[in-house]
Amino acid sequence: MSHHTLDITDLSYTYPDGTAALSALSLHIGHGESVAIVGANGSGKTTLLSHLNGVLLPTAGTVNIGGFPVTKQTLPQIRRTVGMVFQNPDDQLFMPTVYEDVAFGPVNMGLPSTDVKARVTAALTTVGALELSDRPPYRLSGGQKRAVAIATVLAMEPAILVMDEPTAALDPWARRQLIELLRTFTHTKIIATHDLDMALDLCERTIVLANGSILKDGPTAEVFRNLPLLAQAHLEQPFSLQNCPLCSKSMGNNTL
Amino acid sequence: MVKLESNWLDLRTLDELALQKTPIHQLGAGTKLGTTLAFIMVIASFSRYEVTGLIPCVFYPIVLITLGRLPYQLLLKRLLLVAPVILFIGLFNPLFDRVPVAAVGPLVVTGGWISFLSISVKLILTITAALILIATTGIHAICSTLYRLGVPQPLVVQILFMYRYIHVLLEEVLKTLQAYQLRSCHNSGIGYQAWGSLLGQLLLRTIARAQRIYQAMLCRGYDGHIILETTAARKKPDLLYFAGWLLFFSLCRLVNLPQWLGTFITGGLP
Ligand SMILES: Nc1ncnc2c1ncn2[C@@H]1O[C@H](COP(=O)(O)OP(=O)(O)OP(=O)(O)O)[C@@H](O)[C@H]1O
Ligand SMILES: [Mg+2]
């Protein structure tokens with residue numbers, strides 16, 4: 001697998017209850033790109049991401065990953081390629097301990113137990129949650145759960161990383177850690193978020209969704225300077241771009 | 001207001017207890033499973049009027065609870081939960097079996113009451129043994145042992161996920177109830193008008209939750225097969241443990257210890 005590209009053509013999705021969540025959406029994401037997906041609540045971000053690893057299958061249109069269409073037959077391969085961090089970590093953690101939860105993916109990949117151990121330790125260390133290993137996941141705080149959920153995906157070493165609101169519920173330090181961590185992840189990454197400062201920080205490209213279709217697709221800095229567009233999409237300019245004396249002062253010596 | 005929060009966390013304490021590292025916990029899962037099965041079989045093989053002979057068997061759960069550092073109250077609570085079932089199973093014995101076997105003053109004790117007592121004690125002992133097994137071994141290790149012993153994988157996976165999902169689904173139920181209670185001003189249970197929508201809500205929510213978890217499992221390469229790992233048993237202590245208890249069980253079964261002790265002390269007076 002050399003090319004971790006992603007092609008979506010005329011993707012439409014209607015939920016069983018009749019809600020049309022995506023309509024005729026097309027986009028291409030190249031190998032190694034880092035893309036932010038932003039938009040108001042209910043604009044279709046989660047629905048779009050759910051198509052990238054076949055949690056949802058299109059009502060119309062196609063999704064191609066690394067040249068393979070996402071269908072029932074290709075799912076096992078797609079799911080090895082695409083690592084998905086869900087919006088709600090409670091849905092992702094189901095084993096009795098953090099360690100077993102992170103090991104679940106690697107064990108299913110059929111890795112020998114020494115490799116599993118190495119991967120789990122590495123993934124937990126990366127998210128700074130190694131000392132939580134023996135704790136039951138349902139007893140963790142929201143942010144700790146989030147960190148562990150990310151570790152479960154990192155342990156599978158996916159080629160494309162897809163995250164739904166990764167910084168929600170994280171304290172500023174943990175958020176900063178996560179941003180630095182994501183920066184080191186050089187493969188393709190796709191992040192749906194309301195944290196526009198993070199988008200500005202990590203992603204060179206931003207896609208703005210509104211009512212299930214693409215309102216704007218372009219370089220992040222450019223998108224976030226377009227005030228009428230942001231207002232239309234229920235968004236606000238990131239603090240670091242607003243000419244607030246306080247923020248710009250802190251900007252001077254910080255890499256926000 | 002019901003203490004939902006504390007209750008639903010309580011549900012998983014058995015799992016947490018299984019993570020301890022006492023000598024009992026360190027024994028192989030197969031050893032403990034075997035011993036528990038042996039215990040249950042010995043208990044079941046006692047005659048239906050046996051009561052005194054069962055008394056020494058209490059020694060087994062007591063030793064395990066102590067060495068495994070399990071909280072008595074927790075096991076008692078679980079037992080209370082199944083107490084109605086025990087009562088129900090044994091209830092008909094005194095009605096059907098009215099043969100008098102002993103008389104204490106004016107009080108005539110019928111065979112039915114004796115067998116009722118015997119059944120209750122047996123059920124309590126076996127259920128306690130099963131609870132102890134889960135709390136000292138963990139459901140995962142038990143299942144992988146079952147699998148290694150030749151129980152078909154689909155069955156083992158069923159047991160494992162049933163156990164796991166029950167907790168998750170109960171959590172969902174309790175959260176919904178809590179949300180309802182927090183916003184309903186009268187705190188006297190659930191109004192009958194709300195029952196319909198609440199039940200529908202519960203059903204949909206638990207199904208959606210189960211589906212999302214299942215999706216998350218699929219995303220991490222789950223394909224209906226789980227790879228069950230067990231820690232290898234340390235041969236010698238395990239063998240000793242198993243053999244020791246087996247000896248004790250056979251002793252309990254073959255010799256009525258309390259009676260024997262009685263005759264021994266009183267010097268065999270008639
Ligand atoms: N399971 C579902 N059944 C029916 N409709 C749904 C379902 N999930 C989402 N929707 C609808 O689909 C639309 C898009 O939802 P989606 O979850 O993709 O939004 P989002 O952009 O992720 O929002 P948020 O920022 O709040 O996470 C919304 O109108 C929502 O009401
Ligand atoms: Mg969403």
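Some observations on this one:
- Among the residues of the stretch A:70-93, those that are among the polar types (S, T, N, Q) and either facing chain B (nearest Cβ under 8 Å) or in contact with a Pro (Cβ under 8 Å, 6 or more places away or on another chain) (or both) comprise A:Thr81, A:Asn88, A:Gln92.
- Output for the stretch B:34-52, where each listed residue is open to solvent by less than 20 Å² (accessible area, probe 1.4 Å) and in a helix (DSSP H, G or I): B:Thr35, B:Thr36, B:Ala38, B:Phe39, B:Ile43
- Boolean, B:Leu123 is away from chain A (no Cβ under 14 Å) and more than 30 Å from B:Leu247 (Cβ to Cβ): no
- Residues satisfying the stated conditions in the stretch A:48-65, i.e. open to solvent by 10 Å² or more (accessible area, probe 1.4 Å) and within 15 Å of ligand 1 (Cβ to nearest atom): A:Ser50, A:Val55, A:Leu56, A:Leu57, A:Pro58, A:Thr59
- Checking the stretch A:102-124 against the condition returns a match, with at least one residue being within 8 Å of chain B (Cβ to nearest Cβ), under 19 Å from A:Leu181 (Cβ atoms), assigned to a helix (DSSP H, G or I) and not β-branched (Val, Ile, Thr).
- Residue count for the stretch A:42-62, restricted to those that are away from ligand 2 (no atom under 16 Å from the Cβ), more than 21 Å from A:Lys216 (Cβ to Cβ) and not polar (S, T, N, Q): 4
- Among the residues of the stretch A:14-37, just one is of a type in the set (Val, Ile, Thr) and in a loop (DSSP other than H, G, I, E, B), namely A:Thr19.
- Among (1) more than 14 Å from chain B (Cβ to nearest Cβ); (2) open to solvent by 30 Å² or more (accessible area, probe 1.4 Å); (3) not in a helix (DSSP H, G or I), the one test that A:Leu200 misses: (3)
- Subset tally (residues that are buried (at least 19 other Cβ atoms within 10 Å of the Cβ), β-branched (Val, Ile, Thr) and more than 14 Å from chain A (Cβ to nearest Cβ)) for the stretch B:137-185: 2
- Scanning the stretch A:77-92 for residues that are open to solvent by 20 Å² or more (accessible area, probe 1.4 Å), away from ligand 1 (no atom under 16 Å from the Cβ) and either part of a loop (DSSP other than H, G, I, E, B) or in contact (Cβ under 8 Å) with a residue 40 or more places away in the chain (or both) gives a single hit, A:Arg80.
- Where A:Tyr99 falls short, out of the listed (1) within 16 Å of ligand 1 (Cβ to nearest atom); (2) open to solvent by 10 Å² or more (accessible area, probe 1.4 Å); (3) in a helix (DSSP H, G or I): (1)
- A:Asp17 away from every other protein chain (no Cβ under 14 Å), away from ligand 2 (no atom under 16 Å from the Cβ) and either farther than 25 Å from A:Leu230 by Cβ or touching a residue at least 12 places away in the same chain (Cβ under 8 Å) (or both): no
- Within the stretch A:9-28, restricting attention to residues that are among the hydrophobic types (A, V, I, L, M, F, W, C) and surrounded by fewer than 15 Cβ atoms within 10 Å (Cβ to Cβ), the residue that is farthest from ligand 1 (Cβ to nearest atom) is A:Ala24.
- Restricted to the stretch B:53-134, the set of helices (runs of 4 or more DSSP H) holding at least 3 residues that are within 29 Å of B:Leu160 (Cα to Cα) comprises B:59-67, B:72-90.
- Any pair with Cβ under 7 angstrom, 6 or more apart, that starts in the stretch B:1-27 at a residue that is more than 17 Å from B:Ile139 (Cβ to Cβ) and modelled with pLDDT of 85 or more and ends at one that is open to solvent by less than 20 Å² (accessible area, probe 1.4 Å) and not in a helix (DSSP H, G or I): B:Thr22/B:Gly68
- Residue that is nearest to the other protein chains (Cβ to nearest Cβ) [pool: residues in the stretch A:125-175 that are in a helix (DSSP H, G or I) and within 16 Å of ligand 1 (Cβ to nearest atom)]: A:Ala149
The values are calculated or read from the model by the stated rules, or taken from the named source; none is laboratory data. This is a predicted model, so every value here is computed, not measured. In this analysis, Cβ positions are derived from the backbone assuming ideal geometry, glycine residues included, and neighbour counts consider all displayed protein chains. For accessibility, only protein heavy atoms count, side chains too; no ligands or nucleic acids. Shrake-Rupley method; radii C 1.70, N 1.55, O 1.52, S 1.80 Å.
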